[in-house]
1. Any idea which residue in region 57-86 is modelled with the highest pLDDT, counting only those that are part of a loop (DSSP other than H, G, I, E, B) and under 14 Å from ILE42 (Cα atoms)?
2. Scanning region 56-79 for residues that are closer than 24 Å to LEU27 by Cα and out of contact with any strand residue (DSSP E or B) (no Cβ under 9 Å at 6 or more places or on another chain), which turns out surrounded by the most Cβ atoms within 10 Å (Cβ to Cβ)?
3. Tell me, which residue of region 33-46 that is among the hydrophobic types (A, V, I, L, M, F, W, C) and part of a loop (DSSP other than H, G, I, E, B) is nearest to PRO94 (Cα to Cα)?
4. Among the residues of region 5-32, how many are at pLDDT below 85, assigned to a loop (DSSP other than H, G, I, E, B) and either within 19 Å of LEU61 (Cα to Cα) or within 15 Å of the chain's Cα centre (by Cα) (or both)?
5. Might you let me know whether region 31-41 holds any residue that is among the basic types (Lys, Arg), crowded, with 16+ Cβ neighbours inside 10 Å and without any contact (Cβ under 8 Å) to a residue 24 or more places away in the chain?
6. Provide a single number: the residues in region 80-98 that are more than 17 Å from ARG57 (Cβ to Cβ) and buried (at least 17 other Cβ atoms within 10 Å of the Cβ).
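The values are calculated or read from the model by the stated rules, or taken from the named source; none is laboratory data. All of these numbers come straight from a predicted model, not from anything done at the bench. Cβ placement follows ideal geometry from the backbone for every residue including glycine, while neighbour counts extend to all protein chains displayed.
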Amino acid sequence: MRALITSTLESLDDFELIEATSGFDALRKLPRDKVDLILTDINMPDINGLELVSFVRNNPLYEKTPLIIISTEGSERDREKGLALGANAYLVKPFKPEALQRLVAELLA
């Protein structure tokens, strides 16, 4: 899935993608680079995506960083929880690459 997302986003404007293999890896990498947008899944090893969203939104350095949850968890309850925690958008897998490109472009505009 990360490879699909990477190839989908590489076709957009020039920017660097930073991949994390888990929620903990994401928390480790966040302070190392300036991050303009965060994409997360809910189901990840170590720290799940909802915990990551909560951390990001409660940290003054990242509280305004646009964040998209991409997940197989497609119930309205899951979506509402992710958005209530502060995600800007919630995209259910499987998704069309164009939908992700559109969301990223909107949030980075």
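1. From region 57-86, those part of a loop (DSSP other than H, G, I, E, B) are 58-66, 72-75, 86; that's our starting set.
Of the ones still in play, those that are also under 14 Å from ILE42 (Cα atoms) are 72-75, 86.
Working: THR72: 89, GLU73: 85, GLY74: 85, SER75: 87, GLY86: 96.
Only one residue fits best here, namely GLY86.
2. Filtering region 56-79 down to residues closer than 24 Å to LEU27 by Cα leaves 56-73, 78-79.
Checking which are out of contact with any strand residue (DSSP E or B) (no Cβ under 9 Å at 6 or more places or on another chain) leaves us with 58-61, 63-64.
Working: ASN58: 11, ASN59: 13, PRO60: 6, LEU61: 11, GLU63: 10, LYS64: 10.
Per the stated criteria, the residue is ASN59.
3. Residues of region 33-46 among the hydrophobic types (A, V, I, L, M, F, W, C): 35, 37-39, 42, 44.
Among the residues that remain, those that are also part of a loop (DSSP other than H, G, I, E, B) are: 35, 37, 42, 44.
Working: VAL35: 25, LEU37: 21, ILE42: 14, MET44: 17 Å.
That would be ILE42.
4. 1
5. Taking region 31-41 first, the residues among the basic types (Lys, Arg) are 32, 34.
Filter once more, so that each one left must be crowded, with 16+ Cβ neighbours inside 10 Å: none.
No, region 31-41 has no match at all.
6. Narrowing region 80-98 to residues more than 17 Å from ARG57 (Cβ to Cβ): 91-98.
If we keep only those that are buried (at least 17 other Cβ atoms within 10 Å of the Cβ) as well, we get 91.
Looking only at that region, the number is 1.
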